[in-house]
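The values are calculated or read from the model by the stated rules, or taken from the named source; none is laboratory data. Just so you know, these numbers come straight off a predicted model, no measurement behind them. Backbone-built Cβ (ideal geometry, glycine too); neighbour counts: all protein chains shown. Accessible surface areas use protein heavy atoms only, side chains included; no ligands, DNA or RNA. Shrake-Rupley method; radii C 1.70, N 1.55, O 1.52, S 1.80 Å.
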Amino acid sequence: MVCAKLKGFALSVAMLGSFLISGCSTDRRASELYGPSEAGVLVIDALLLVDQPLPDLFVLETVAPGDSYSLEGAAVRDAVVEISTGGTTFTYAADVDSAGRYLPQQNHIVLPETVYTLRVSSQGREATGTTLTPEQFQIRESLLLNEGTLQVDRVLKTFRDGLDAPYVAPENQVEYLDGLLEARFDRGNTPGYQVGIISLDEGSERVLDADFLDEDDYDDLERHASSPPFEAPDGSVRLPWFAVYFAGRHVIRIHALDENWFNFARSSPESQEGNFGGLAGDSFERPLFSVTGGIGLFGSAAMDSIGFNVLPRQ
Amino acid sequence: MWTLSKSHLREGSARMRCFREAILAIAIVVGGWVGNVEAATVSGFITDASNGESLPYANVVLEGGAVPMGTLTNVDGYFAVQKIPAGRYRFVASYIGYRSYLDSLTLEADEVIRIDVELEPQALLGAEVLVKADAYEEEKLIQPGFIVMEAATLEEFPALFESDVLRSLHLMPGIQAASDISTGLYVRGGGPDQTLILLDQIPLYNPSHAFGFFSTFNSDAIKDMSLHKGAYPASYGGRLGAVLDVRNRDGNRKEFQGTGGISLIAARMTLEGPVGKGSWMISGRRTYLDPILAAIRNDSTEVPAYYFYDLNAKLNLDLGAHDKVSFSGYFGRDDLNFDLDETSFINVRWGNVAVTGKWTHVFRPGLYGNFMVAGSQYESDTSLSLFDTPILFENSIRDLTVKGDLDYFANPKHSISGGFLATWYRFRFNQVFNQDEQLDLKEKPTLLSFYLQDNWQAHSNTQIRLGVRSNMFSDGSRFHVEPRLAISQQLSDHWRVKTAGGLYHQYLQLVTTEGFSGGDFWVPLDETVEPGRSVQGVVGLEWEPSPRYMLSVESYLTGFKNLVALDTKVAVDSEETKSDDVFVTGGTGHATGVEVFLNRRTGALTGWIGYTLGWTRRTFDELNGGKEFPPKYDRRHDASVVLDYRVGKWSFGGSVLYATGQAYTPASARYSLRSPGSQQYLKDDFLLPSQKNSARLLPYHRMDLNVKRRFRLFGSRAEAYLQVFNAYNRRNEWFVQYNADDPETDPDVVKMLPVIPTFGINFSF
């Protein structure tokens, strides 16, 4: 009787298991993992810098999530693009040599604390945006600190000392991982800052060397990067060494951001990289775009930069 | 912002006055009742004769009067029957699974008798019938959504490496897990932060080891655990959803004994025994992964160093017929160290420490009190160095609690309980990047709570529990009154209907990353946001045609208000630390569903079938464009079948779980933007998220199996087990990973655990 009951139990489990196993494949087609397509939406990429000429801007469109993506394929070539301020309108024309790029047709230096409006239209689609440019911004000093004592070891040359001074001055020759690079400025009335770091010497040797990185990781390294946005309440920013990958000349651009740029930077997809997709699904959210009728960024900033030359570690 | 100002001191003095006045009021009301004794009183403790452990909710009846009089013991095994007319009675103390105790009593008017009873565990009635002690019977009769599990029951479930309290609960209807490696509890549509988890009445803030793989509860140290899935009574508070109350063993008062076990990843040992007029217990567990990892580690193979341990200790002493004291402690820690290379490492440490001193006093036969002082500390430290760039996150919660509970057995119709809770918190969160301190948050709020409730036997078939709880929280000077109600009506011998409801508030918020629980931290909500609020209602119908079977159907509805979610769009060095800066606030939501539970409780084959049909939704103005969305743990269907079959020295167990796939946010397009800081395009394009959590993973299901055999090992009882987790190796989906590295790349689905067989041995002496 015990054996019979045991057999009954085992049979029940086996039947239930068979039923479940029969439908247990978890392979999925890629198309099953996407949402409804939002292809064909205008993507606006326009960044104004105070005290600099009207910039080139880019008009692209979204592509279905399962489709292959390229800048060429996503470029919008027939857009009508205008930027207006104070009753004056500046027109743009498509760059015939670079799909999706639009060039200003008039000269204008971007003014601080001024409202600019963007309008883009293409094939019945219209996207608009507005930005209030920030006040002017200047880096007061560029320093190398002792990482143990946090005292100033050296004062680096800036571009005010000459266009090449930051790259050739002896005090600007910085050995990789040696000291802490810090820029100090007067914190203005801006919601936040963002730093861009660019390695200027194409082909310079790689200084980043870690046991836990492989060749694929090194191939992915780019010669430019952006920091996450930060508030810099004390008017200073330190450059972490993990943002430096190559030897040679580097320029650090510090941007004092408008609301649009700050909102996008703090919600941008760059900040979501490295997160789990669905596991941290709470953080897979739409960035804070500043474009109506499309997506993208129409923002402005005031910018200043410093430079230095990275020497390989001895 | 965080200093103690004079206004705080004035508020504190006012609260202390209020606190003293409330205690005095309770004492006067209760004392007035006590002073009116005109008839006899019988009181005492009911304990297990084999080990001296108290027996909660044992039945005590005095037969022979015009009307039988009786009561149930409280959670400490104490009972009191008052206002007994003089006469001859038969005293019966009974508890399922124990031999009943009978005695004859002749009571005079105003006579007070103390009877401490030791009940003998019942021997097996036959090979095919196993009767288990049914603890917390009273609570189950009146409270819907109430689950109790004894430690022995935990051992019966198929498990992953070791028996685990929280994993076992995932097998019950209405309770879900986020993933195979998570012990977080998602109860009736609520998140893990909405469940209060207590160990011997002390909250544990992150009760997990191994990044969520195991809970910090050592099943050998546990006496029992109870879970209110919702609408919990006034004696608890501070969470919007559920309460898990885990109680450790007191220790064997009769003889020295030990239990232990070895699994694939950890070893554990529990020792206990009598001391004077009391008992002691010490239980420890530690993983031995670290020497295994060290053996694997070499110059070409980097593996992290990791270990965890936990230690429970308890000492109980009887100071006399009316006084007991007990001291208990919990100490647990996880430590991970990973040296990536010369300039980079990761070090993560987290753990809980909790110590308690409790005094139990019988003021008068019908008035019983527990008073406790407890301190706990949770710390989580994460320090990284990436190419010589140091990054540090530290957070800690320390609290000091003074708590008192009084049980008054007024008469056979009314059992009144009341109490207070005062907790002083110290929260700290510190963040340092590249030797620049970016955030140093310190908060020191206090919480003061009072409660009063009456268990009223309104009619022979009707029980009503009416309660009220009041909370005062210093941050924001919050004061809330929370009514609670539970009604149970016996419709016939086999049918019972129950309903319960209440208002709940939550003042602390958990910030958690599901993939890594070591970084979880709690923060108090300050004056800039309203505390979370829920209104809960539960209705249930039970059918018990026999002691063997029970069928229950319950429906629940919860409305949430003032929910918060971490704002992930805050700048990395933001000094804005007010709650409305750190969190997205003003969220609302609801959870509703129906649970069906069929339980076979006795016999060689025991187990249950559970099914839940449920919905849960959230709405935040700043998320998903203000549209309602399901949280990821919204599972439409959730079913479980759990079976255990015993024959001779063998036992066979199996469980099958099924649940609707979790929600996730799919991508709806690809696009590209320049990196604004460098104003250059990156190699990768971006994925555009669609509506929040608008897609579903595949349904989750798995089967676990276990087989055990009892035998003798060097004269001691032992049990060997083999367990298979995910027996048919279904690779359930965990999350979807979109990689934009390659324009041609398809999305990946990261899967959960494969089939994992484990084995081990348990022993006792």
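Residues of the stretch A:65-84 being more than 22 Å from the chain's Cα centre (by Cα) and surrounded by fewer than 22 Cβ atoms within 10 Å (Cβ to Cβ), which ones?
Once the filter is applied, which keeps residues that are more than 22 Å from the chain's Cα centre (by Cα) and surrounded by fewer than 22 Cβ atoms within 10 Å (Cβ to Cβ), the stretch A:65-84 yields A:Gly66, A:Asp67, A:Arg77, A:Asp78, A:Val80, A:Glu82, A:Ser84.
Condition check ((1) assigned to a strand (DSSP E or B); (2) without any contact (Cβ under 8 Å) to a residue 12 or more places away in the chain; (3) more than 10 Å from chain A (Cβ to nearest Cβ)) across all residues:
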{"site": "B:Asn693", "(1), (2), (3)": "no, no, no"}
{"site": "B:His701", "(1), (2), (3)": "yes, no, no"}
{"site": "B:Arg710", "(1), (2), (3)": "yes, no, yes"}
{"site": "B:Glu719", "(1), (2), (3)": "yes, no, yes"}
{"site": "B:Trp734", "(1), (2), (3)": "yes, no, no"}
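Looking at B:Glu622, B:Glu628, which one is open to solvent by 50 Å² or more (accessible area, probe 1.4 Å), without any contact (Cβ under 8 Å) to a residue 24 or more places away in the chain and not hydroxyl-bearing (Ser, Thr, Tyr)?
After ruling out the rest, the residue left standing is B:Glu628.
Looking at B:Thr616, B:Thr606, which is the one that is within 14 Å of chain A (Cβ to nearest Cβ), in a strand (DSSP E or B) and touching a residue at least 60 places away in the same chain (Cβ under 8 Å)?
Answer to the selection: B:Thr606.
Give me a count of the residues in the stretch B:358-393 that are of a type in the set (S, T, N, Q), more than 22 Å from B:Gly329 (Cα to Cα) and within 27 Å of the chain's Cα centre (by Cα).
1
Considering only the stretch B:598-639, state which residues are hydroxyl-bearing (Ser, Thr, Tyr), at pLDDT below 95 and touching a Ser or Thr at 6+ places or on another chain (Cβ under 8 Å).
B:Tyr633
For the stretch B:55-80, what are the residues that are open to solvent by 20 Å² or more (accessible area, probe 1.4 Å), within 20 Å of B:Asp245 (Cβ to Cβ) and either outside any loop (DSSP other than H, G, I, E, B) or without any contact (Cβ under 8 Å) to a residue 12 or more places away in the chain (or both)? Spell out the reasoning first.
Pass one, the stretch B:55-80, residues open to solvent by 20 Å² or more (accessible area, probe 1.4 Å): B:57, B:59, B:61, B:63-72, B:75-76.
The next check asks that each one be within 20 Å of B:Asp245 (Cβ to Cβ); those that pass are B:57, B:72, B:75-76.
Within the stretch B:55-80, just B:Leu72 meets the criteria.
Considering A:Gly17, A:Gly73, which residue is within 10 Å of chain B (Cβ to nearest Cβ), at pLDDT below 85 and touching a strand residue (DSSP E or B) at 6+ places or on another chain (Cβ under 9 Å)?
Unique residue meeting the criteria: A:Gly17.
Here is a list of conditions, (1) within 18 Å of B:Ala221 (Cα to Cα); (2) of a type outside the set (Ser, Thr, Tyr); (3) crowded, with 17+ Cβ neighbours inside 10 Å, and B:Leu289 meets all of them except one; can you say which number that is?
(1)
Is it the case that B:Asn729 is open to solvent by less than 40 Å² (accessible area, probe 1.4 Å) and of a type outside the set (Phe, Trp, Tyr)?
no
Applying the selection to the stretch B:82-97, what residues are touching a residue at least 40 places away in the same chain (Cβ under 8 Å) and either of a type in the set (A, V, I, L, M) or under 23 Å from B:Leu119 (Cβ atoms) (or both)?
Hits for the stretch B:82-97 are B:Gln82, B:Ile84, B:Ala86, B:Phe91, B:Ala93, B:Tyr95, B:Ile96.
Is it the case, given these coordinates, that B:Leu722 is surrounded by fewer than 22 Cβ atoms within 10 Å (Cβ to Cβ), under 30 Å from A:Val63 (Cα atoms) and hydrophobic (A, V, I, L, M, F, W, C)?
No.
Is it the case that B:Leu199 is open to solvent by 10 Å² or more (accessible area, probe 1.4 Å) and aliphatic (A, V, I, L, M)?
It is true that B:Leu199 is open to solvent by 10 Å² or more (accessible area, probe 1.4 Å) and aliphatic (A, V, I, L, M).
Write out, first by first residue and then by second, each pair whose Cβ atoms fall under 7 Å of each other, whose residues are 6+ apart or on separate chains, and whose first residue, in the stretch B:330-341, is without any contact (Cβ under 8 Å) to a residue 40 or more places away in the chain and open to solvent by 30 Å² or more (accessible area, probe 1.4 Å) while the second is acidic (Asp, Glu) and part of a strand (DSSP E or B).
B:Phe331/B:Asp310
For the stretch A:221-250, give me each residue that is facing chain B (nearest Cβ under 7 Å) and either under 20 Å from B:Phe345 (Cβ atoms) or not small (Gly, Ala, Ser) (or both).
Those that are facing chain B (nearest Cβ under 7 Å) and either under 20 Å from B:Phe345 (Cβ atoms) or not small (Gly, Ala, Ser) (or both): A:Glu222, A:His224, A:Pro228, A:Pro229, A:Phe230, A:Glu231, A:Pro233, A:Arg238, A:Pro240, A:Trp241, A:Phe242.
Here's the yes/no breakdown for (1) surrounded by fewer than 18 Cβ atoms within 10 Å (Cβ to Cβ); (2) part of a strand (DSSP E or B); (3) in contact (Cβ under 8 Å) with a residue 40 or more places away in the chain:
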site: B:Thr585; (1), (2), (3): no, yes, yes
site: B:Val596; (1), (2), (3): yes, yes, yes
site: B:Asp634; (1), (2), (3): no, no, yes
site: B:Leu643; (1), (2), (3): no, yes, no
site: B:Arg646; (1), (2), (3): no, yes, yes
site: B:Gly677; (1), (2), (3): no, no, no
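Does B:Leu682 meet the test of being under 19 Å from A:Ser199 (Cα atoms) and at the interface with chain A (Cβ under 7 Å from one of its Cβ atoms)?
Details: under 19 Å from A:Ser199 (Cα atoms): yes; at the interface with chain A (Cβ under 7 Å from one of its Cβ atoms): yes.
Spelling it out, B:Leu682 is indeed under 19 Å from A:Ser199 (Cα atoms) and at the interface with chain A (Cβ under 7 Å from one of its Cβ atoms).
If a residue has to be part of a loop (DSSP other than H, G, I, E, B), more than 8 Å from chain B (Cβ to nearest Cβ) and touching a Leu at 6+ places or on another chain (Cβ under 9 Å) to count, how many in the stretch A:196-210 make the cut?
The total comes to 1.
In this structure, does A:Arg28 turn out to be basic (Lys, Arg), over 30 Å from B:Arg731 (Cα atoms) and open to solvent by 40 Å² or more (accessible area, probe 1.4 Å)? Can you show your working first?
Working: basic (Lys, Arg): yes; over 30 Å from B:Arg731 (Cα atoms): no; open to solvent by 40 Å² or more (accessible area, probe 1.4 Å): yes.
Spelling it out, it is not the case that A:Arg28 is basic (Lys, Arg), over 30 Å from B:Arg731 (Cα atoms) and open to solvent by 40 Å² or more (accessible area, probe 1.4 Å).
For the stretch B:285-323, give me each residue that is under 19 Å from B:Ile202 (Cβ atoms) and free of Cβ contacts under 8 Å to residues at least 40 places away in the same chain. Outline the logic, then answer.
Residues of the stretch B:285-323 that are under 19 Å from B:Ile202 (Cβ atoms), as a first pass: B:285, B:309-316.
Correct list: B:Tyr309, B:Leu311, B:Ala313.
Of the conditions (1) within 17 Å of B:Leu510 (Cα to Cα); (2) open to solvent by less than 10 Å² (accessible area, probe 1.4 Å); (3) modelled with pLDDT of 90 or more, B:Asn206 fails just one. Which one is it?
Just one mismatch for B:Asn206, condition (3).
For A:Leu213, state whether it is closer than 19 Å to B:Asp388 by Cβ, at the interface with another protein chain (Cβ under 10 Å from one of its Cβ atoms) and modelled with pLDDT under 85.
In short, yes.
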